[in-house]
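J.: Quick one: the structure is below, and I'll ask about it shortly.
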């Protein structure tokens with residue numbers, strides 16, 4: 001598929017050559033719609049055959065198609081009505097139209113405080129470079145265009161009950177790559193944070209929320225921590241979620257909010273690490289036996305793999321057959337973001353299989369389908385069965401504690417720090433020179449951990 005580099009830049013992006021794609025012997029014009037129009041027109045791309053085989057003919061056709069498309073897009077963006085209804089979607093279109101018209105949107109009150117020459121320049125903008133749209137009118141002198149250029153459009157009047165929807169549309173990039181369950185949890189976290197605040201201060205508009213509201217909310221959380229057993233981390237996650245949502249929405253819609261939750265937190269929410277198992281306990285109870293109470297064989301195998309490799313339970317249950325490389329020169333599993341997001345970028349890695357870990361995966365060459373989409377269900381039933389079987393010395397000991405024991409074993413045998421990070425899927429704090437350890441080198445260290 002051959003394309004040309006961009007040529008002329010317009011309000012909608014680069015014009016003509018960048019949109020030409022060769023399909024067989026004929027050039028096709030292919031171009032994405034502006035985001036503000038894609039939803040309205042229920043499509044994201046325009047595809048038109050130029051009918052031309054020669055490059056020069058295709059360029060001339062592309063120029064005609066671009067001119068017609070952009071005229072139509074300007075007409076749609078200039079259509080009065082939606083731009084002044086005070087909704088988030090309408091204001092998004094206002095900002096897009098301001099870009100088309102070559103200005104930054106300013107509310108009338110802010111514009112009035114601008115320099116006189118800036119105001120006059122905007123007025124001149126309305127009457128210059130106007131392009132016909134087919135009915136004798138000029139795009140830049142339509143009521144909607146005048147409203148946009150001179151600051152007459154209404155900013156969205158968002159209330160707390162609108163915050164999650166507005167934020168999640170603006171933060172769609174954060175949802176990319178999440179599994180269905182991860183996406184559900186991501187959305188639920190924002191909903192829960194807002195609903196908790198509404199329960200205390202009511203469904204206020206974002207502009208009405210004050211610093212006193214935020215401080216009172218913080219005091220309420222302190223009371224819950226003291227009297228109801230909640231932890232500080234839960235409170236700070238609530239504050240952080242609210243702060244991030246309000247900041248994102250404020251930036252997107254130019255609301256000039258006071259951002260009342262900025263810097264709000266409760267001190268002392270230090271992370272309490274899980275308790276690691278003693279190595280001898282792991283050898284005796286997890287590695288020497290393949291059955292843990294009434295737990296099913298798949299779950300037992302996953303637990304043993306956590307102990308043997310230090311992989312996260314969620315990484316093990318998500319393994320697909322194509323990621324289990326048992327016949328490669330160095331047998332290994334590949335941890336990849338298959339239909340889900342990994343915890344961090346460093347989590348993507350290849351884990352060598354040696355000894356007992358290799359034997360287990362040979363028994364499960366297709367992975368663990370029973371828990372593939374439900375890591376939480378695995379953790380719940382596994383910890384319950386370990387508890388019943390007397391394999392949790394304290395309540396702080398969980399399946400995940402085996403990962404901490406694996407880390408302790410690496411330290412005990414002198415695994416280099418960078419190698420530890422690579423095996424654990426942690427971001428290395430030092431300068432990342434080179435490509436890191438080879439799979440064979442990792443396998444050599446893995447063979448020593450439980451030897």
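Since every read-out is calculated from the coordinates, none of them should be taken as a lab result. Note that the structure is a prediction, hence the values are computed from the model and not measured. Here the Cβ is made from the backbone with ideal geometry for all residues, glycine too, and neighbour counts use every protein chain on show.
J.: For q = 0.14, 0.16, 0.25 Å⁻¹, what log10 I(q)/I(0) does the stretch 160-253 give under the Debye formula with an equal point scatterer on each alpha carbon and no solvent?
T.: -0.54, -0.70, -1.38
J.: Tell me, how many Å apart are the Cα centres for the stretch 252-308 and for the stretch 354-382?
T.: Their Cα centres are 17 Å away from one another.
J.: What three numbers, in Å, describe the spread of the alpha carbons of the stretch 279-319 along their principal axes, ordered from the longest?
T.: On the principal axes, the stretch 279-319 reaches 27, 23, 9 Å in Cα extent.
J.: Which length gain, in nm to one decimal place, applies between residue 265 and residue 176 when the Cα-Cα distance is subtracted from 0.36 nm times their residue separation?
T.: Values: separation 89, 0.36 × 89 = 32.04 nm, distance 2.88 nm.
Stretched out fully, the residue 265 to residue 176 stretch lengthens by 29.2 nm.
J.: May I pose another question? As an exercise, use a Förster radius of 45 Å and the Cβ-Cβ distance of residue 330 and residue 22 to find the FRET efficiency, rounded to the nearest 0.05. Provide the component values of the computation, followed by the final result.
T.: Details: r = 43 Å, r/R0 = 0.95.
Efficiency for this residue pair is about 0.60.
J.: Looking at the square roots a ≥ b ≥ c of the eigenvalues of the Cα gyration tensor of the stretch 279-449, which shape do they give, rounded for a/c under 1.5, prolate if a/b is larger than b/c, or oblate? Spell out each step's value before the answer.
T.: On the way: a/c = 1.58, a/b = 1.32, b/c = 1.19.
It comes out prolate by the Cα gyration axes.
J.: Measuring from label point to label point, each 7 Å out along Cα→Cβ, what is the residue 363 to residue 283 span in nm?
T.: 2.1 nm
J.: Starting from the Cα-Cα distance between residue 433 and residue 251, subtract it from 0.36 nm times their residue separation and give me the gain in nm to one decimal. Intermediate values should be presented prior to the final figure.
T.: Values: separation 182, 0.36 × 182 = 65.52 nm, distance 3.75 nm.
Computed gain between residue 433 and residue 251 is 61.8 nm.
J.: Ranked highest first by the average count of other Cβ atoms within 10 Å around their residues, in what order do 369-376, 324-331 fall?
T.: On the way: 369-376: 16.2, 324-331: 14.0.
Result, highest mean Cβ count within 10 Å first: 369-376, 324-331.
J.: Separate question: Multiply the residue gap between residue 207 and residue 111 by 0.36 nm, knock off their C-alpha separation, and tell me the result in nm, one decimal place. Kindly include the intermediate steps, with their values, before the conclusion.
T.: Numbers: separation 96, 0.36 × 96 = 34.56 nm, distance 2.03 nm.
Difference between extended and current length: 32.5 nm.
J.: Could you work out how far apart the two model spin labels at residue 387 and residue 64 are, taking each label as a point 7 Å from the Cα in the direction of the beta carbon, and quote it in nm?
T.: 7.5 nm
J.: Rank these for me by crowding, 19, 400, going from fewest to most other beta carbons within 10 Å.
T.: Numbers: 19 25, 400 16.
Ordered by Cβ neighbours within 10 Å, fewest first: 400, 19.
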